[in-house]
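Peer 1: What follows is a single structure, and I will ask about it in a moment.
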Amino acid sequence: MAITGEAPKQPIFDSHLHIIDPQHPLVPNRGFTPDPFPVKTYQESVSTLGVCAGAVVSGSFQAFDQSYLVEALERLGPAYVGVTQLPSTVTDSELRSLREKGVRAIRFNLFRGGSAKLEELEELARRTYDVAGWHAELYVHSRDLPDLEDRLAALPKFSIDHLGMADDGFDTLIRLVERGAKVKATGFGRISHDPAEAMRRINKANPEALMFGTDLPSTRADRPFRPTDIDLVAETLGDTDAARALWTNALEFYGVEPPQ
């Protein structure tokens with residue numbers, strides 16, 4: 001399954017991308033404010049990769065702002081959905097309104113902050129699922145998973161970012177995958193373990209778990225996304241399971257209709 005260097009044959013769902021538009025509020029996180037990365041720049045960055053759909057993820061530096069996300073989804077079209085951060089005070093009517101605008105998940109950024117707090121996670125994740133049908137997405141280091149395992153396993157539907165980020169606590173991540181968790185094959189340039197070995201173990205536990213994403217524009221990563229990251233998914237998993245990780249798993253998880 002060659003991806004780079006020729007016209008792509010495999011459609012790709014980019015399950016993790018950020019849009020950064022300085023016309024909307026940005027909040028410095030630990031002194032960091034990202035460079036602009038608007039919709040047009042994103043589209044140019046993936047134009048040769050076969051990306052047909054995706055999920056725009058709110059970053060720590062966007063806090064609870066929804067204006068950038070709603071605008072980005074309008075520009076990207078119906079094959080793209082949103083993953084947002086919300087305070088525990090969000091109303092049910094606000095959740096339904098965001099659902100109508102294409103938002104499909106709530107994010108808990110336990111690694112860098114900017115989202116609702118850990119103690120609010122369970123109640124808010126369940127409420128957004130009940131009211132809007134959203135799943136929860138967690139940016140969490142795998143070393144913290146053992147203390148969270150039972151709480152996370154009890155959630156109705158959730159995913160974990162960036163292959164868990166490290167070997168420490170990875171056995172817990174695998175147990176969560178066996179119990180239904182999804183894992184994003186993203187951020188290869190920001191993790192400390194071997195992405196190929198991590199993907200192999202996750203895929204063995206559940207071939208429906210992995211969801212590829214570019215993580216563009218790779219803010220604060222040791223190295224940015226590069227197209228060969230897609231080749232690594234294909235080479236590691238083989239054609240059938242790579243097709244799941246690059247397309248089918250995320251398409252079904254986010255409930256997106258395949259673009260015509």
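Peer 1: With +1 on each Lys and Arg Cβ and -1 on each Asp and Glu Cβ, how big is the dipole of region 173-260 about its Cα centre, in debye rounded to the nearest 20?
Peer 2: Dipole magnitude for region 173-260 comes out near 380 debye.
Peer 1: Per residue of region 177-190, in order, report the coupling 6.51 cos²θ - 1.76 cosθ + 1.60 (Karplus, θ = phi - 60°) as ³J(HN,Hα) in whole Hz, putting x for Gly and Pro.
Peer 2: 4, 5, 9, x, 5, 9, 9, 7, 7, 9, x, 4, x, 10
Peer 1: Taking H placed 1.01 Å from N in the peptide plane, check which residues at least 5 places from V81 or on another chain put their amide H under 5 Å from its amide H.
Peer 2: When sequence neighbours closer than 5 places are left aside, the close amide H contacts are G54, A55, V56.
Peer 1: Per residue of region 148-163, what does 6.51 cos²θ - 1.76 cosθ + 1.60 with θ = phi - 60° give for ³J(HN,Hα)? Whole Hz please, x for Gly and Pro, Karplus curve as stated.
Peer 2: Going residue by residue, I get 9, 3, 5, 5, 6, 4, 7, 6, x, 6, 7, 9, 10, 6, 6, 6 Hz, with x marking Gly and Pro.
Peer 1: Check the straight Cα-Cα distances from K157 and name the lysines below 17 Å, setting aside those fewer than 8 residues away within the same chain.
Peer 2: List returned: K182, K184.
Peer 1: From Cα pairs below 8 angstrom and at least 6 apart in sequence, can you work out the relative contact order of the chain, rounded to a whole percent?
Peer 2: 20 percent
Peer 1: Just want to confirm a number: the relative contact order over region 155-230, from Cα pairs under 8 angstrom separated by 6+ residues, in percent.
Peer 2: Computed value for region 155-230: 32 percent relative contact order.
Peer 1: For region 216-227, in order, what is each residue's ³J(HN,Hα) by Karplus, 6.51 cos²θ - 1.76 cosθ + 1.60 with θ = phi - 60°, in whole Hz (x at glycine and Pro)?
Peer 2: Per residue, the Karplus-derived 3J(HN,Hα) values read 4, x, 6, 4, 6, 6, 4, 9, x, 4, 9, x Hz.
Peer 1: Here's something else I'd like to know. Return one whole number: the accessible area per residue of the chain in Å², for a 1.4 Å probe.
Peer 2: That works out to 42 Å² for each residue.
Peer 1: Give the long-range amide H neighbours of V183: residues separated by 5 or more places, or on another chain, with amide H under 5 Å away, using H modelled in the peptide plane at 1.01 Å from N.
Peer 2: I160, L210, M211
Peer 1: Quick one: which residues, 5+ away or cross-chain, put their amide H under 5 Å from the amide H of I19? H built at 1.01 Å from N.
Peer 2: Long-range HN contacts for I19: V57.
Peer 1: What 222 nm value per residue comes from the helices of the chain, counting each DSSP H run with n ≥ 4 as -39,500 (n - 2.57) and dividing by all residues, nearest 500 deg cm²/dmol?
Peer 2: Roughly -10000 deg cm²/dmol at 222 nm, from the helical runs in the chain.
Peer 1: Place the peptides 19-29, 101-111, 197-207 in order of packing, highest mean first, counting for every residue the other Cβ atoms within 10 Å and averaging per peptide.
Peer 2: Ranked by mean Cβ neighbours within 10 Å, highest first: 101-111, 197-207, 19-29.
Peer 1: Using alpha carbons only, how many angstrom separate the centre of region 62-105 from the centre of region 187-260?
Peer 2: About 24 Å separates the Cα centre of region 62-105 from the one of region 187-260.
Peer 1: Could you work out the relative contact order of region 198-260? I mean the mean sequence separation of Cα pairs under 8 Å and 6+ apart, divided by the number of residues, in percent.
Peer 2: 39 percent
Peer 1: Leaving out ligands, DNA and RNA, and with a 1.4 Å probe, what % of the accessible surface on the chain is carbon or sulfur?
Peer 2: Accessible surface attributable to carbon and sulfur in the chain totals 47 percent.
The values are calculated or read from the model by the stated rules, or taken from the named source; none is laboratory data. Predicted model, so just to flag it, every value in this text is computed and none were measured. Neighbour counts are summed over all protein chains in view; Cβ atoms, including those assigned to glycine, are modelled from backbone coordinates with ideal geometry. When the accessible area is computed, the model is the full protein with side chains, heavy atoms only, and any ligands, DNA or RNA have been set aside. Shrake-Rupley method; radii C 1.70, N 1.55, O 1.52, S 1.80 Å.
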